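The values are calculated or read from the model by the stated rules, or taken from the named source; none is laboratory data. Everything numeric in this text was worked out from a predicted model, so none of it was measured. Quick reminder, even Gly has a Cβ in these numbers, built from the backbone with ideal geometry, and neighbours come from all protein chains shown. Only protein heavy atoms, including side chains, enter the accessible area calculation; ligands, DNA and RNA are left aside. Shrake-Rupley method; radii C 1.70, N 1.55, O 1.52, S 1.80 Å.
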Amino acid sequence: MTPAEGTSAAASDPPGDPAPAQPRFPPGTRVQVRDDWPERRGPCHIRTPHYLRGRTGTVQRLLGRFANPEDLAFARPAPKRALYHVLFEQPPIWDEGRPGDELLVEIFEHWLEPAEAMKEAV
Amino acid sequence: MSAPARSDSPARLEALIGALKAKSILTEEELAARQAQTDRASPEIGARMVARAWLDPEWRRRLLSDGSAAAEAMGVSMAGAPPLGVLEDTPQRHHLVVCTLCSCYPRAVLGYPPHWYKSFGFRARSVRDPRGVLAEWGTVLPEGVDIRVVDSTADYRWMVLPLRPDGTEGWSEDQLAAIVTRDALVGVALPKVPPAAAAA
């Protein structure tokens, strides 16, 4: 059981949460997961798997806006953030994979950057 | 992922419940209602949703577009539950559901997750070597079928809508629901027609 377990899409925004912004990444956008490791800086609760940090994928669709688990886990006011379903090619992330196989993963907007701005690192 | 049970777990649980009641966060009635709802949930609900989707195209569209609304229509209370998404297998694509970070599982329509779903082995290997994991279940996909591993990392819970197997033409909803197992609903297995039924 994690702090994210049991949270609901219907949970109300904490006071002061700004009106929902337009989602930054429409379906089909090439995005890169931030190559960031908050785990090295101190206690945190991150829902972005290690194996995807720095990897490039494609936005499949916006799933909705959800309270940021990184704040919820520490009982801080948790503004809602856009959550996307992002598709990754399984190899080259894992050598055991077969070309054509894919990974589909929920990733929050603040963990994504436009891939165009990056060098083709992956 | 739940922590291992300790000898003082019951006392700790009682202390927690007592504190929640003292702070008016939880009542005995709410606790009992939630426990009853959790105990009622079982893979039979998910299997029924799938069987209906195999028979009724309109229900299928509803299930795929809004799994939570479909669950509510089945009499499952989704209030306070994470939203349910349903992933449609096709002749070219098979879905496998895992939660590499903990054990997120569509409890509202499948009940408690099995022990293996929470194991480090299943969680680590499903994203890395999904075909190897499926082979250990005896699940071999036909040539040309790609796997899409769905890592349930955040606020949704995911269930698979598998392909209806050949040999089930003319079957009733009850007959179809009976071959949709818990394992098929997260994609480690495929619905199978029992040999006796196939021969009949």
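When A:Gln32, A:Gln22 are checked against the criterion of being at negative phi and either β-branched (Val, Ile, Thr) or modelled with pLDDT of 95 or more (or both), A:Gln32 stands alone in meeting it. I'd like to check something: does the range B:170-178 contain any residue that is within 14 Å of chain A (Cβ to nearest Cβ) and either open to solvent by 20 Å² or more (accessible area, probe 1.4 Å) or farther than 28 Å from A:Gly64 by Cα (or both)? Among the residues of the range B:170-178, not one is within 14 Å of chain A (Cβ to nearest Cβ) and either open to solvent by 20 Å² or more (accessible area, probe 1.4 Å) or farther than 28 Å from A:Gly64 by Cα (or both), which makes the answer no. Does A:Arg47 fit the bill of being in contact (Cβ under 8 Å) with a residue 12 or more places away in the chain, within 8 Å of chain B (Cβ to nearest Cβ) and assigned to a loop (DSSP other than H, G, I, E, B)? So A:Arg47 fits the description; yes.
Could you grab me the full set of residues in the range B:50-85 that are open to solvent by less than 60 Å² (accessible area, probe 1.4 Å) and within 13 Å of chain A (Cβ to nearest Cβ)? Result: B:Leu64, B:Gly67, B:Ser68, B:Ala69, B:Ser77, B:Met78, B:Gly80, B:Ala81, B:Pro82, B:Pro83, B:Leu84, B:Gly85. Which members of the range A:27-56 meet the condition of being open to solvent by less than 50 Å² (accessible area, probe 1.4 Å) and under 13 Å from B:Thr153 (Cβ atoms)? Scanning the range A:27-56 gives A:Val33, A:His45, A:Ile46, A:Arg47, A:Thr48, A:Pro49, A:Tyr51, A:Leu52, A:Arg53.
Looking at B:Leu96, is it surrounded by fewer than 19 Cβ atoms within 10 Å (Cβ to Cβ), outside any helix (DSSP H, G or I) and either touching a strand residue (DSSP E or B) at 6+ places or on another chain (Cβ under 8 Å) or not assigned by TED's automatic domain parsing to the domain that holds B:Gly187 (or both)? So B:Leu96 fails the test.
For the range A:95-111, a tally of residues being over 17 Å from B:Val97 (Cβ atoms) and either within 13 Å of the chain's Cα centre (by Cα) or in contact (Cβ under 8 Å) with a residue 24 or more places away in the chain (or both) returns 4. Among residues of the range B:89-116 being under 24 Å from A:Leu52 (Cβ atoms) and charged (D, E, K, R), the one that is farthest from the chain's Cα centre (by Cα) is B:Arg93. Can you pull out the residues in the range B:32-49 that are hydrophobic (A, V, I, L, M, F, W, C) and buried (at least 18 other Cβ atoms within 10 Å of the Cβ)? Of everything in the range B:32-49, those that are hydrophobic (A, V, I, L, M, F, W, C) and buried (at least 18 other Cβ atoms within 10 Å of the Cβ) turn out to be B:Ala41, B:Ile45, B:Ala47, B:Met49.
Conditions (1) open to solvent by less than 20 Å² (accessible area, probe 1.4 Å); (2) more than 9 Å from chain B (Cβ to nearest Cβ), marked per residue:
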{"residue": "A:Ala82", "(1), (2)": "yes, yes"}
{"residue": "A:Leu87", "(1), (2)": "no, no"}
{"residue": "A:Asp95", "(1), (2)": "no, no"}
{"residue": "A:Glu116", "(1), (2)": "no, yes"}
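Of B:Pro114, B:Pro142, B:Pro106, B:Pro91, all but one fail to be over 26 Å from A:Ile107 (Cβ atoms) and open to solvent by less than 20 Å² (accessible area, probe 1.4 Å); the exception is B:Pro114. Listed by position, the helices (runs of 4 or more DSSP H) inside the range B:100-146 whose residues that are in contact (Cβ under 8 Å) with a residue 60 or more places away in the chain and facing chain A (nearest Cβ under 10 Å) number at least 3 form an empty set.
The one condition from (1) aliphatic (A, V, I, L, M); (2) open to solvent by less than 80 Å² (accessible area, probe 1.4 Å); (3) in a helix (DSSP H, G or I) that B:Leu26 does not meet is (3).
Give B:Trp158, B:Trp137 a once-over and let me know the one that is surrounded by fewer than 20 Cβ atoms within 10 Å (Cβ to Cβ) and either hydrophobic (A, V, I, L, M, F, W, C) or on the phi < 0 side of the Ramachandran plot (or both).
It is B:Trp137.
Within the range B:54-93, the set of residues being without any contact (Cβ under 8 Å) to a residue 60 or more places away in the chain, within 25 Å of B:Asp129 (Cα to Cα) and not in a strand (DSSP E or B) comprises just one member, B:Gln92.
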